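Engineer: I have a structure I would like to understand better, so I am pasting it below and will then ask my questions one at a time.
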Amino acid sequence: MNINELIRPGLAAMKGYAAIEPVEILEQRIGRRIIKLDGNENPYGCSPKVYQALSDYSYYHIYPDPEQRILRRALEEYTGLSFEHIVCGNGSDELIDLILRLFLQPGDEVINCPPTFGMYPVSTDVCGGKVVDVSRDENFAVDIPGIKRALNEKTKVIFIASPNNPTGNVIPEREVIELVGTGRIVVVDEAYFEFSNMTIAKLVLEHPNLVVLRTFSKWAGLAGLRIGYGIFPIEIAEYLMKIKPPYNINVAAQAAVLASLADIDYLRSNVAKITAERERLFAKLGELEWLKPYPSQANFILCSLNWQSEVSPGCHSEERSDEESPAKQAWRQLRKKGIFVRYYDSPGLENCLRISVGKPEDTDALIKALKEIC
Ligand SMILES: Cc1ncc(COP(=O)(O)O)c(C=O)c1O
């Protein structure tokens, strides 16, 4: 029996999402503690109140609320929008998938603006859609005229991450409004909103085809508990509540969100530490002449590498190879030193590293290591 013949044809050859590896696996592999700057996770972890809430909770044996009532009500104050506009997901990843399931028929098109977050094309493929790439320009701005040219009767959804992962820049509000004017479903993914303080969430009230996604993974340090939410026009929210798996938010995630919202000043002070450290990291990276950091409104910094330029003294050039890109070599050598960052070699991101903002001591260790390997 050939199982491949039974697999949906579009999925058999699909590449899948290139996910990062968890900290336990990495530490086991290299046999010591690591500095993990590859997942845009929060270096300060979650609120201490989350640990308390998880140990106090006494209904783990009972299914969660399929209507997410307590959670959606709790998010009213944080978002400034009423609960009817809010739907929670098992990470915002799940909401990306649900939105596509709601709107796509086989062969329908989805506009993706690379370089950007890799789940938009993966989920489009899984949902039987066709990804139409409209690349960002050399400054990573969204190509609005290019998107308009790419539209046809099959175009259903446009994804824009703002701040964008991995480039760190935001889309201006007037451009979002222009995209909304195309009549397609426009998804503005604000996974990193708390680090930029820029949001277009309130526009959802005025536009029936605009959706905003958020997550607790980054600013609140809850990536491992998988909890995101979207702000939707009420009509779309109602459909999503109908098609989502009934118990998609587990009770631990719910307890963690409530505890996080009850400790918001603490979490905001961590966000402030991270954004201050982002600026220090940016300045330090900029001092290395073979590396160009791009300004970021998120909790990571994209850098392109240029080892052709004059290099600083003490350079270990014998460690270099012509077969691998400089970014891959830097990535590999940093790993050897226990520092994990993300490297890219895709169109528009040739020879790039993305470095998540860590604690000040992580920045110091990273800069020292980069100086040693250059
Ligand atoms: C732009 C963007 N959207 C969504 C996500 C996924 O977030 P979550 O952990 O809530 O699934 C990420 C995670 O890296 C991201 O970068």
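The values are calculated or read from the model by the stated rules, or taken from the named source; none is laboratory data. Note that the coordinates shown come from a computational prediction; the quantities given were computed from them, not determined experimentally. So basically every Cβ, Gly included, is an ideal-geometry build from the backbone, and we count neighbours across all protein chains shown. Surface accessibility is based on the protein's heavy atoms, side chains included, excluding ligands, DNA and RNA. Shrake-Rupley method; radii C 1.70, N 1.55, O 1.52, S 1.80 Å.
Engineer: Suppose we take every Cα in region 91-174 and form the convex hull; what volume per residue is that in Å³?
Structural biologist: Cα-based convex hull of region 91-174, divided per residue, equals 93 Å³.
Engineer: With N set to the number of residues, divide the alpha-carbon radius of gyration of region 206-245 by 2.2 N^0.38 Å and report two decimals. Show your work: numbers first, answer last.
Structural biologist: Numbers: Rg = 12.1 Å, N = 40, 2.2 N^0.38 = 8.9 Å.
So region 206-245 has a normalised radius of gyration of 1.36.
Engineer: Okay, moving on. When the convex hull of the Cα atoms of the chain is projected onto a plane and the area is averaged over all directions, what value comes out in nm²?
Structural biologist: Answer in nm², one decimal: 21.1.
Engineer: Determine the share of the chain's accessible area contributed by carbon and sulfur atoms, expressed in whole percent, with a 1.4 angstrom probe.
Structural biologist: Taking all protein chains in place, the chain shows 52 percent carbon and sulfur surface.
Engineer: Determine ³J(HN,Hα), in whole Hz, for all residues of region 113-127 in sequence, where each value follows from phi through the Karplus function 6.51 cos²θ - 1.76 cosθ + 1.60 and θ = phi - 60°; x replaces Gly and Pro.
Structural biologist: Residue by residue, region 113-127 yields 10, x, x, 7, 5, x, 6, 4, x, 4, 5, 4, 4, 4, 8 Hz.
Engineer: Let me ask something else. Between 111, 187, 162, whose Cα lies farthest towards the positive end of the dipole of region 75-190 when Lys and Arg beta carbons carry +1 and Asp and Glu beta carbons carry -1, centred on the Cα centre?
Structural biologist: Of the listed residues, the answer is 111.
Engineer: Continuing with this model, one more query. Need the list of lysines near residue 218 for cross-linking: C-alpha distance under 21 angstrom, and skip anything on the same chain fewer than eight residues off.
Structural biologist: Qualifying lysines at Cα under 21 Å: 36, 49, 273, 359.
Engineer: Please express the shape of region 1-49 as an equivalent ellipsoid: the semi-axes are the square roots of 5 times the eigenvalues of the C-alpha gyration tensor, given largest first in whole angstrom.
Structural biologist: Equivalent ellipsoid semi-axes, largest first: 36, 15, 10 Å.
Engineer: Next up: Quick one: work out Rg over Rh on the C-alpha atoms of region 145-249, Rh as Kirkwood radius.
Structural biologist: 0.98
Engineer: What trypsin sites (Lys or Arg not before Pro) does region 15-89 have in DSSP loop regions with at most 13 other beta carbons within 10 Å?
Structural biologist: Values: sites: 15, 29, 32, 33, 36, 49, 69, 72, 73; in loops: 15, 32, 33.
Hits after loop and neighbour filter: 15, 32, 33.
Engineer: What ³J(HN,Hα) values, in whole Hz, does the Karplus curve 6.51 cos²θ - 1.76 cosθ + 1.60 give for region 57-62 when θ = phi - 60°, with x put for Gly and Pro?
Structural biologist: Taking θ as phi minus 60°, the curve returns 5, 10, 10, 5, 8, 10 Hz for region 57-62.
Engineer: Report the charge-dipole magnitude of the chain in Debye, nearest 20, computed about the Cα centre from +1 at each Lys and Arg Cβ and -1 at each Asp and Glu Cβ.
Structural biologist: The dipole magnitude comes to about 460 debye.
Engineer: Looking at region 224-306, which GluC sites (Glu not before Pro) are DSSP coil and have at most 14 other C-beta atoms within 10 Å of their C-beta? Intermediate values should be presented prior to the final figure.
Structural biologist: Values: sites: 235, 238, 277, 279, 287, 289; in loops: 287, 289.
When the GluC sites (Glu not before Pro) of region 224-306 are filtered for loop state and at most 14 Cβ neighbours within 10 Å, 287, 289 remain.
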